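J.: My questions will all concern the structure given below.
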Amino acid sequence: MSSNHKRLSMGGRIDREQPVEFTFDGRSLIGYRGDTLASALLANGVTLVGRSFKYHRPRGIFSAGPEEPNALVTLATAGKREPNLPATTLELADGIVAESQNRWPSLAFDVQSVSGLFAPFLSAGFYYKTFMGPTRRAWMFYEHFIRKAAGLGRAGSDPDPDRYDISQAFADVAIVGGGPAGLSAARAAAAAGARVALIEQDFLLGGQLLAEPSDSAAAAWLRQAEAELESSETVTLMKRTTAFGIYDGNVIGLVEQRDPTNPQLAGEARQTFTMLRARSIVFATGAIERPMVFSNNDRPGVMLASAARTYLNRFAVLPGKKIIVATTNDSAWRAVFDLADAGADVTVADLRAAPPAALAAEAARLGVVVRAGTHIVDLRGGHAVRRATLNGPDGQSEASCDLVCVSGGWSPTVHLTSHLGVKPQYHDDIGGFVPGAFPADRFGAGSMMGNYSTAGAIEDGHRAGTEAASFCGKSAPAPTPSKLDLGETATALLFEIPSVGRGKAFVDFQMDVTTGDVELAHREGYESVEHLKRYTTLGMGTDQGKTSNFAALASMATLRNATIPETGATTFRPPYTAVALGALAGRAIGHHFKPIRRTPMDGWHMANGAEMLEVGLWMRPYFYRQSGLDVNEAYVAEMRSVRQAAGLMDISTLGKIDVQGPDAAIFLDRIYANGFAKLPVGRARYGVMLRDDGIVFDDGTTTRLAENRFFMTTSTAKAADVLSRLEFLLDTAWPDLRVAVTSVSDEWAAMSVAGPKSRAILSAAFPALDVSDAALAHMGLLESEWQGRALRILRLSYSGERAYEIYVGATAGEQLWTHLLEAGRPFDLKPYGVEALGALRVEKGHVAGPEIDGRTTLDDLGLGRMAGKRTGFVGDVLRRRPAFQAPDRQRLVGLECIEEGKRLRGGAILFLPDEKPYGHGHGRVTSVTFSPERGHYVGLALLAGDVASEGSEVVAVYPMKAETVRARIVSPVFLDSQGERLHG
Amino acid sequence: MLRIECPCCGLRDHDEFRYGGDASVMRPAHDDPDPQAWYRYVYIRANPAGLHREFWQHVIGCRQWLVVERDTRNHAIASVELARQLSARKSPARKPPA
């Protein structure tokens, strides 16, 4: 057959001058600019486009919009597969390579469909019964086959080669939907003076007006409205943009498709995710036509009546020559007349006993056969419909056909309005759900409010646009809307499911849910719509049941002998249509996923063999690569150099907070468990903060720079939390304290020189400064300048060695770092990384993050003496509660490995030697290191107080590596318990 | 997403803010020795369906702690005030400690 043999020679909104080449299942086909993939397939006579989810039944194109349940395809191009895309919304562009889904070996011949092998297993509740019931074991056997059989398209496994963007947008009035109501609302709101964003998922504005002939009055109205909006400076037209969700604060989630027909956009983001913040929203989302339920109503060649009209008038495709239109209402008759006018042989089967006389008269004029009180019972035809069985007043009869158009009335598109909890309410007069009461900043217009006539929608849109603008304080007088009356008759849109034949009658095409499944759910007690949904998987497909919801509800209502409002509606949740995860991620992928923080000395580390480690957002030197040493050898070598000579460590990541004000000392006295009021100027003190519940929050040192000024450091991990906490207490608890806190973390580069030769190195590096013990005692401060930048030297030790923390203006950090290394060269000064830093503090018994884990108290960590009998500090009262004093409370102990050649591991569980190692044990190892001083592994642990007697043995079990090792409980200070090395 | 009208910075997205818990509980005086008072402050929460007073800090902004009245049923925000002003009003002109 020739290409485009179903295309009409005239009309439509396609550009016959611009042919577009595409591929479907390996076949090269031609469409035109302005086509969707679906319309181009129909024009080429392709009716079979996919296989269904469970039963692998042949399926065709059912709709002309985002509600499409059947015609889902995979776009496959080099290195990329995107599955489950509705062919009805894919704008045709050169080079599209589409594949049908869920078929093997081919679309036309599918093994599973022929054998029906799995059908008995796949009835409603299959998964529930298999998992919950006595057949559970059977699942193990069937899972492999069922997983292979079920599921639609297959995603690619390579990284997505496309780019995505995220943008932020703002508007006074956002209007969702570019049909007659939305266009009218946009004109009114813009005329009132509001900034308007008009959102339309299609690549053309117009909505249902696009189903009108391209030379009609409707088309003229549309051209005028579009021209007016395009020329308005306050209106942003967002075509190819789907509003997929409405969120708090009137934030609308949008995904915009790049115009695939514009080659100049080829390198741009494929999709853009926009968060649009609107002061008010007008919903003009239209309505979706309902299918009719009869046996084999899923056959290729069954199509919504409005879709057939859209394919005819918008795309100039006549999808059938011998057409049966089955309807319950007037709206489908518009398709009847247009299809007959285009030359098709049309029969109307109207369920109503007496369709309106005016319609019948027009039908007679066009030679359409009208069969009143008649419905379709069954259909035959495999890959395309061939014959229908009709049931009418004169009994059953057969009729041949090549297209069946159905209309079970319309359902207002209330998905988006439901997202923020506006419950749909059933309205008898339109036989459907419309949104309930809106809050003051949201409005609805047109057929989504049940206002089905075009004239009514335009009027309604004008009102909603005016009110939405007025909500934003924009109420310049707007001209009356230009009218358009298409003369639709508004009749009640009844929905019922008449008798069906023996074959499956589907309510949800995508999820393969039949009336039989609904009956089964009802029989087994799953009557509530929310249960029905989960039991049958109704509405859970990528189409979210846009066409199926109402039929299922009506079916259940009939079974329960209840009304539709009594049966209720399920909750709609975002997204309205499927959203690519790539669009939500935007450019925040790979190493852009989160920000990376680098210290001022980062460049030096990278250039000098540092293995870097991610610590939160920070990049820190893990260890420095030396010839042939692995991390375990390297950190021990770095420890040795600190203990025997000196080491240089980048500690710029510490949180640094400037605390100032007349009440600063009182403030610190309250937030630290140990006292700070009497700290002399020029001295530093180690401090521990608690939370209100008595658990340790963070530790660090604070130095008194002047009477009313302090310099606080926090742990790297808690820097932001501590600052926020201090601000909280000042803002909410103690507004009377005259104190200001400011983060200065990024203003200072910080480095620590530790080891017995550290003072000599400082003397060499700062010859003008007196760094003698008399001038700079342990816990002392020296303030000066270096190279014109502020310099602070604090004599503090974390490693247990004599050590100095040196702070300098951040921009001079790397310069001072290299200067110190240079000055320290004669003294064997070596840089060391966080692994050695951690090991040094474990050897010295200092607690850190693994011990201060949000569960431990001062007493647990052996720091109870710091608070002593003080009161009046944060956490003071609840830290003394009885539960924290229980004898089996886990407390800090030291462990040393007593098995030759074995090691301790952080996270190991501690048991008594004669115990079966089962359960949570009596505690756990928190930090470990090889101790060069001791010659074996040592560690810190939290161990129940009632079994922790120093000198006794425990067994450390590490199930991840099936390791068991004996250890002795010792003091957590493994080195220099008298602290003499601080002064060495 | 929630949009919070910061008294200093104007209407901003909630991801500029940090949530800080229930603002309706009264913090005992810092030297209150009563464990029950601290227990109630730390652990007892009303969890209302309706208006809820809660702390938010404008961390990526003015860094002020705010008291936000939010309806837990629909996230509608009824009021936003600076916590410092509210707490200063509650304990008026207490002389700073010597």
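J.: Would you say A:Val346 is out of contact with any Asp or Glu (no Cβ under 7 Å at 6 or more places or on another chain) and either part of a helix (DSSP H, G or I) or closer than 21 Å to A:Pro213 by Cα (or both)?
T.: Taking the combined requirement at face value, the residue satisfies it.
J.: Still on this structure, I have one more. What number of residues in the stretch A:798-815 are touching a Gly at 6+ places or on another chain (Cβ under 9 Å) and on the phi < 0 side of the Ramachandran plot? Steps first, please.
T.: Filtering the stretch A:798-815 for residues touching a Gly at 6+ places or on another chain (Cβ under 9 Å) gives A:799-803, A:809, A:812, A:814.
With the extra rule that they be on the phi < 0 side of the Ramachandran plot, the set shrinks to A:799, A:801-803, A:809, A:812, A:814.
Here the count works out to 7.
J.: Which condition from (1) open to solvent by 10 Å² or more (accessible area, probe 1.4 Å); (2) within 14 Å of another protein chain (Cβ to nearest Cβ) is the one that A:His427 breaks?
T.: All conditions are met except number (2).
J.: Name the residue that is most open to solvent (accessible area, probe 1.4 Å), counting only residues in the stretch B:46-65 that are in a loop (DSSP other than H, G, I, E, B) and touching a residue at least 40 places away in the same chain (Cβ under 8 Å).
T.: B:Ile60
J.: Yes or no: A:Asp699 more than 9 Å from every other protein chain (Cβ to nearest Cβ), in contact with an Asp or Glu (Cβ under 9 Å, 6 or more places away or on another chain) and either touching a residue at least 24 places away in the same chain (Cβ under 8 Å) or part of a helix (DSSP H, G or I) (or both)?
T.: No; evaluated as a whole, the condition is false for this residue.
J.: For the stretch A:730-767: of the residues being without any contact (Cβ under 8 Å) to a residue 12 or more places away in the chain and within 21 Å of A:Gln787 (Cα to Cα), which is surrounded by the most Cβ atoms within 10 Å (Cβ to Cβ)?
T.: A:Ser763
J.: For the stretch A:151-261, which fully contained strands (runs of 3 or more DSSP E) count at least 2 residues that are of a type in the set (Val, Ile, Thr), open to solvent by 10 Å² or more (accessible area, probe 1.4 Å) and more than 14 Å from chain B (Cβ to nearest Cβ)?
T.: Ranges flagged: A:235-238.
J.: Something else about it: Out of (1) farther than 16 Å from A:Ser418 by Cα; (2) surrounded by fewer than 20 Cβ atoms within 10 Å (Cβ to Cβ); (3) in contact (Cβ under 8 Å) with a residue 40 or more places away in the chain; (4) of a type outside the set (A, V, I, L, M), the odd one out for A:Arg279 is which?
T.: (2) is the only condition that A:Arg279 fails.
J.: Given the conditions (1) assigned to a loop (DSSP other than H, G, I, E, B); (2) within 37 Å of the chain's Cα centre (by Cα), and given that A:Lys656 satisfies all but one, which numbered condition is not satisfied?
T.: All conditions are met except number (1).
J.: Something else now. Can you confirm whether A:Glu727 is of a type in the set (Asp, Glu), open to solvent by 10 Å² or more (accessible area, probe 1.4 Å) and within 11 Å of chain B (Cβ to nearest Cβ)? Quick ask: steps written out before the conclusion?
T.: Values: of a type in the set (Asp, Glu): yes; open to solvent by 10 Å² or more (accessible area, probe 1.4 Å): yes; within 11 Å of chain B (Cβ to nearest Cβ): yes.
It is true that A:Glu727 is of a type in the set (Asp, Glu), open to solvent by 10 Å² or more (accessible area, probe 1.4 Å) and within 11 Å of chain B (Cβ to nearest Cβ).
J.: Looking only at the stretch A:356-392, count how many residues are more than 23 Å from A:Lys6 (Cα to Cα), under 49 Å from the mean Cα position of the chain (by Cα) and part of a loop (DSSP other than H, G, I, E, B).
T.: 1
J.: Hey, any hits in the stretch A:680-692 for a residue that's without any contact (Cβ under 8 Å) to a residue 12 or more places away in the chain and within 26 Å of A:Leu982 (Cα to Cα)?
T.: Among the residues of the stretch A:680-692, not one is without any contact (Cβ under 8 Å) to a residue 12 or more places away in the chain and within 26 Å of A:Leu982 (Cα to Cα), which makes the answer no.
J.: Only one of B:Arg12, B:Arg27, B:Arg70 is in a loop (DSSP other than H, G, I, E, B) and either touching a His at 6+ places or on another chain (Cβ under 8 Å) or facing another protein chain (nearest Cβ under 10 Å) (or both). Can you tell me which?
T.: The unique qualifying residue is B:Arg27.
J.: Let me ask something additional. Select from the stretch A:565-606 the residues that are farther than 24 Å from A:Ala155 by Cα, of a type in the set (Phe, Trp, Tyr) and part of a loop (DSSP other than H, G, I, E, B) and list them in ascending order.
T.: Initial filter on the stretch A:565-606 (farther than 24 Å from A:Ala155 by Cα): A:565-572, A:594-606.
Imposing the further condition that a residue be of a type in the set (Phe, Trp, Tyr) reduces the set to A:572, A:604.
Answer for the stretch A:565-606, where residues must be farther than 24 Å from A:Ala155 by Cα, of a type in the set (Phe, Trp, Tyr) and part of a loop (DSSP other than H, G, I, E, B): just A:Phe572.
J.: Quick check: is even one residue across the stretch A:319-333 among the hydrophobic types (A, V, I, L, M, F, W, C) and part of a helix (DSSP H, G or I)?
T.: The answer is yes; a qualifying residue exists.
J.: Here's something else I'd like to know. Looking at B:Leu2, is it among the hydrophobic types (A, V, I, L, M, F, W, C) and touching a Pro at 6+ places or on another chain (Cβ under 7 Å)?
T.: Details: among the hydrophobic types (A, V, I, L, M, F, W, C): yes; touching a Pro at 6+ places or on another chain (Cβ under 7 Å): no.
Criteria not met by B:Leu2.
J.: Can you tell which of B:Trp65, B:Trp38 is more than 13 Å from the chain's Cα centre (by Cα) and facing another protein chain (nearest Cβ under 10 Å)?
T.: Criteria check complete, one pass: B:Trp38.
J.: Okay, moving on. Looking at the structure I just gave you, is B:Ala83 within 11 Å of chain A (Cβ to nearest Cβ), modelled with pLDDT of 95 or more, closer than 28 Å to A:Gly661 by Cα and surrounded by 15 or more Cβ atoms within 10 Å (Cβ to Cβ)?
T.: Values: within 11 Å of chain A (Cβ to nearest Cβ): yes; modelled with pLDDT of 95 or more: yes; closer than 28 Å to A:Gly661 by Cα: yes; surrounded by 15 or more Cβ atoms within 10 Å (Cβ to Cβ): yes.
It is true that B:Ala83 is within 11 Å of chain A (Cβ to nearest Cβ), modelled with pLDDT of 95 or more, closer than 28 Å to A:Gly661 by Cα and surrounded by 15 or more Cβ atoms within 10 Å (Cβ to Cβ).
Yes/no per residue for (1) in a helix (DSSP H, G or I); (2) closer than 30 Å to A:Gly207 by Cα:
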| position | (1), (2) |
| --- | --- |
| A:Val434 | no, yes |
| A:Ala437 | no, yes |
| A:Thr466 | yes, yes |
| A:Pro481 | no, yes |
| A:Thr489 | no, yes |
| A:Asp517 | yes, no |
| A:Glu530 | yes, no |
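J.: Tell me, which strands (runs of 3 or more DSSP E) wholly within the stretch A:3-104 include 1 or more residues that are among the polar types (S, T, N, Q)?
T.: A:15-24, A:27-33, A:72-77, A:80-86
For every residue, the table says whether it meets (1) more than 30 Å from A:Leu878 (Cβ to Cβ); (2) more than 8 Å from every other protein chain (Cβ to nearest Cβ).
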residue	(1), (2)
B:Phe17	no, yes
B:Pro33	no, no
B:Gln57	no, no
B:Ser79	yes, yes
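J.: So A:Ala677 passes all but one of these: (1) more than 14 Å from every other protein chain (Cβ to nearest Cβ); (2) at pLDDT below 95; (3) within 19 Å of B:Asp31 (Cα to Cα). Which condition number does it fail?
T.: Exception for A:Ala677: condition (1).
J.: For the stretch A:493-503, indicate whether the set of residues that are within 23 Å of A:Leu304 (Cα to Cα), in a helix (DSSP H, G or I), modelled with pLDDT under 90 and open to solvent by less than 60 Å² (accessible area, probe 1.4 Å) is non-empty.
T.: Initially, the stretch A:493-503 is screened for residues within 23 Å of A:Leu304 (Cα to Cα), giving A:493-503.
Remaining after also requiring in a helix (DSSP H, G or I): none.
No: the stretch A:493-503 contains no residue that is within 23 Å of A:Leu304 (Cα to Cα), in a helix (DSSP H, G or I), modelled with pLDDT under 90 and open to solvent by less than 60 Å² (accessible area, probe 1.4 Å).
J.: Looking only at the stretch A:303-315, count how many residues are touching a strand residue (DSSP E or B) at 6+ places or on another chain (Cβ under 6 Å) and open to solvent by less than 10 Å² (accessible area, probe 1.4 Å).
T.: Total meeting the criteria: 5.
J.: For the stretch A:743-811, which fully contained strands (runs of 3 or more DSSP E) count at least 3 residues that are assigned by TED's automatic domain parsing to the domain that holds A:Met639 and in contact with a helix residue (DSSP H, G or I) (Cβ under 9 Å, 6 or more places away or on another chain)?
T.: Filter on the stretch A:743-811 gives A:748-754, A:789-794, A:803-809.
The values are calculated or read from the model by the stated rules, or taken from the named source; none is laboratory data. What you see is a predicted model; the values in this text were computed from it and never measured. So basically every Cβ, Gly included, is an ideal-geometry build from the backbone, and we count neighbours across all protein chains shown. Side chains included, ligands, DNA and RNA excluded: accessible areas come from the protein's heavy atoms. Shrake-Rupley method; radii C 1.70, N 1.55, O 1.52, S 1.80 Å.
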